[in-house]
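Read the structure below first, then the notes.
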Amino acid sequence: MSAKRYLLVDGVAAGMDDPVIAATDMGFLHGDTVFTTLAVHEGRPVLWKAHYARLAGSARQMDYPPLPTEEAFRAELLSAIRIQPDAPSALRVTLSRGRASSPGLDGVSDATVRVVLPLFRPVRQVEALLAGALAETFPLPWDPAADPRFGHKTGNLLWVKGIRRMKRSPEAVEQLLLGRCGEILEGTVSSVFAVDADGVLNTAPLSAGILPGILRGEILAWARREGRALRETAPLFSEAASFRELFLASSTLPLLPVHTVLDPAGAVSFPRDFPVAAAFLDHYRSRILAGES
């Protein structure tokens, strides 16, 4: 029998299967939550300051009470890691609107409920990551730029689950969400980067309604420091056959090249050496994981 694992609710430990959220909690009733998921490496939360800043920004824009201080946030993350009988691979930090005296759609509360949930997923080895993966396209029937919630990680994820259930191939690890003009915006759970025929690194701008991914920001900062040609413009899927590379990025991947994209019009394949993806992955492992996290 495996040892008991724990989560934190407002800083207090509870068993993973213990009943710790009230039935009147607005996160439970309405999906009124914002969250972030960050990797854990050698007992440390990775890029925790960037995750804190994004979560705090979402809380402000959604009119939640303020988060604890940075240091209190970090201390809570470390506590959630240290109390586990085995090392988690990631932490999901969720803020719920909490309980209200009248928990209707317009309900408000004086304090959020903060849940730190450890995740235990196998860590992919570099060789497996650089082997690449299969993805497929999904044309969005709406414009995410017209809906501000798509710029935040919220608990309203039924739209993501619905899209993922419509995968055409069970082997596809991700769906590339296409805008109305066939531009590649992002994945359901990842940012998307393309290296075009001229060697320019392209990714959709935040103004397109995409999530400000933490790894997206790290890749952009790295590319600028390296002097790499970079453009925050959504690459067009109609030009995918000319791409040198296509890769996905997220905090827990952290990076995954794509060797083939399935589309109803036909499959598009890419070279399998992925030099830009490999260079960033090396930077991630040697600098980001080794640095302040």
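The values are calculated or read from the model by the stated rules, or taken from the named source; none is laboratory data. These numbers come from a predicted model, not from an experiment. Don't worry about glycine lacking a Cβ; one is built from the backbone with ideal geometry, like all the others, and counts go over all protein chains shown.
Can you pull out the residues in segment 57-71 that are within 16 Å of A111 (Cα to Cα) and in a helix (DSSP H, G or I)? Even if it seems obvious, please write down each step before you answer.
First pass over segment 57-71, keeping only residues within 16 Å of A111 (Cα to Cα): 58-69.
Matches in segment 57-71: S58, A59, R60, Q61.
Tally time: how many residues in segment 148-171 are among the hydroxyl-bearing types (S, T, Y) and assigned to a loop (DSSP other than H, G, I, E, B)?
Step one: filter segment 148-171 for residues among the hydroxyl-bearing types (S, T, Y), giving 154, 169.
Checking which are assigned to a loop (DSSP other than H, G, I, E, B) leaves us with 169.
Number of matching residues: 1.
Please find, within segment 135-156, the residue that is modelled with the lowest pLDDT out of those that are of a type in the set (F, W, Y) and crowded, with 16+ Cβ neighbours inside 10 Å. Steps first, answer last, please.
Taking segment 135-156 and keeping what is of a type in the set (F, W, Y), we get 138, 142, 150.
Then drop every residue that is not crowded, with 16+ Cβ neighbours inside 10 Å, which leaves 138, 150.
Values: F138: 98, F150: 89.
Looking at the filtered set, the residue picked out is F150.
Looking at segment 196-210, which of the residues that are in contact (Cβ under 8 Å) with a residue 40 or more places away in the chain and farther than 27 Å from R54 by Cα is surrounded by the most Cβ atoms within 10 Å (Cβ to Cβ)? Working first, answer last.
Here is the first cut: in segment 196-210, the ones in contact (Cβ under 8 Å) with a residue 40 or more places away in the chain are 196-197, 199, 201, 206-210.
Those left that are additionally farther than 27 Å from R54 by Cα: 196-197, 199.
Values: D196: 19, A197: 10, G199: 12.
If we take residues in segment 196-210 being in contact (Cβ under 8 Å) with a residue 40 or more places away in the chain and farther than 27 Å from R54 by Cα, then D196 is surrounded by the most Cβ atoms within 10 Å (Cβ to Cβ).
Out of the residues in segment 117-144 that are aliphatic (A, V, I, L, M) and over 18 Å from the mean Cα position of the chain (by Cα), which is farthest from S250 (Cα to Cα)? Can you show your working first?
Applying the first criterion (aliphatic (A, V, I, L, M)) to segment 117-144 yields 117, 119, 123, 126, 128-131, 133-135, 140.
From what's left, over 18 Å from the mean Cα position of the chain (by Cα): 126, 128, 130-131, 134, 140.
Values: V126: 15, A128: 16, L130: 15, A131: 17, L134: 16, L140: 20 Å.
Per the stated criteria, the residue is L140.
Would you confirm whether or not segment 232-251 contains a residue that is under 24 Å from V93 (Cα atoms) and not in a strand (DSSP E or B)?
Step one: list which residues in segment 232-251 are under 24 Å from V93 (Cα atoms), which gives 248-251.
Those left that are additionally not in a strand (DSSP E or B): 250-251.
Yes - at least one qualifying residue is present in segment 232-251.
Suppose we keep only residues that are within 23 Å of the chain's Cα centre (by Cα) and among the polar types (S, T, N, Q) within segment 1-40. Which one would you say is surrounded by the fewest Cβ atoms within 10 Å (Cβ to Cβ)?
T37
Between A50, A72, which is touching a Gly at 6+ places or on another chain (Cβ under 9 Å), over 30 Å from L177 (Cα atoms), at pLDDT 90 or above and not assigned by TED's automatic domain parsing to the domain that holds L255? Reasoning before the result, please.
Numbers: A50 fails: over 30 Å from L177 (Cα atoms).
Going through A50, A72 in turn, just one is touching a Gly at 6+ places or on another chain (Cβ under 9 Å), over 30 Å from L177 (Cα atoms), at pLDDT 90 or above and not assigned by TED's automatic domain parsing to the domain that holds L255: A72.
Right, A145: in a helix (DSSP H, G or I) and in contact (Cβ under 8 Å) with a residue 60 or more places away in the chain or not? Even if it seems obvious, please write down each step before you answer.
Working: in a helix (DSSP H, G or I): yes; in contact (Cβ under 8 Å) with a residue 60 or more places away in the chain: yes.
For A145, the condition - in a helix (DSSP H, G or I) and in contact (Cβ under 8 Å) with a residue 60 or more places away in the chain - is met.
From R216, R228, R244, R180, which residue is modelled with pLDDT of 95 or more, among the basic types (K, R) and within 16 Å of A50 (Cα to Cα)? Steps first, please.
Details: R228 fails: within 16 Å of A50 (Cα to Cα); R244 fails: within 16 Å of A50 (Cα to Cα); R180 fails: within 16 Å of A50 (Cα to Cα).
After applying the criteria, what remains is R216.
Name every residue in segment 210-227 that is under 19 Å from S251 (Cα atoms) and outside any helix (DSSP H, G or I), in order of residue number.
Residues of segment 210-227 that are under 19 Å from S251 (Cα atoms), as a first pass: 210-223.
Correct list: I210, L211, P212, G213.
I'm told S102 meets every condition in (1) in a loop (DSSP other than H, G, I, E, B); (2) touching a residue at least 40 places away in the same chain (Cβ under 8 Å); (3) polar (S, T, N, Q) except one. Can you identify the failing condition by its number?
In the conditions (1) in a loop (DSSP other than H, G, I, E, B); (2) touching a residue at least 40 places away in the same chain (Cβ under 8 Å); (3) polar (S, T, N, Q), S102 misses (2) alone.
Would a scan of segment 22-37 turn up a residue that is out of contact with any helix residue (DSSP H, G or I) (no Cβ under 7 Å at 6 or more places or on another chain), under 20 Å from T252 (Cα atoms) and modelled with pLDDT of 95 or more?
Taking segment 22-37 as the starting set, the residues that turn out to be out of contact with any helix residue (DSSP H, G or I) (no Cβ under 7 Å at 6 or more places or on another chain) are 22-31, 35, 37.
Among the residues that remain, those that are also under 20 Å from T252 (Cα atoms) are: 35, 37.
Then keep just the ones that are modelled with pLDDT of 95 or more; that gives 35, 37.
The answer is yes; a qualifying residue exists.
May I ask you to list the residues in segment 267-293 that are more than 23 Å from L220 (Cβ to Cβ) and at pLDDT 95 or above?
If the condition is that a residue be more than 23 Å from L220 (Cβ to Cβ) and at pLDDT 95 or above, then A267, V268, S269 are the ones that fit.
Could you list, in sequence order, all residues of segment 60-77 that are loosely packed, with under 14 Cβ neighbours inside 10 Å and of a type in the set (A, V, I, L, M, F, W, C)?
Listed by number, the residues that qualify are A72, A75.
Residues to consider are R121, R92; find the one that is in contact with a strand residue (DSSP E or B) (Cβ under 7 Å, 6 or more places away or on another chain), at pLDDT 95 or above and of a type in the set (K, R).
Details: R121 fails: at pLDDT 95 or above.
Exactly one residue qualifies, and that residue is R92.
List the pairs whose first member sits in segment 25-45 and is outside any strand (DSSP E or B), whose second member is β-branched (V, I, T), and whose Cβ atoms are under 8 Å apart, counting only residues at least 6 apart or on separate chains?
From segment 25-45, the pairs are G27/I21; G27/T33; G27/T94; G27/V113; F28/I21; G31/T154; G43/I81.
Test F193 against the criterion of being surrounded by 15 or more Cβ atoms within 10 Å (Cβ to Cβ), in a strand (DSSP E or B) and aromatic (F, W, Y), and give yes or no. Talk me through it step by step, then tell me what you get.
Details: surrounded by 15 or more Cβ atoms within 10 Å (Cβ to Cβ): yes; in a strand (DSSP E or B): yes; aromatic (F, W, Y): yes.
Yes: the conditions hold for F193.
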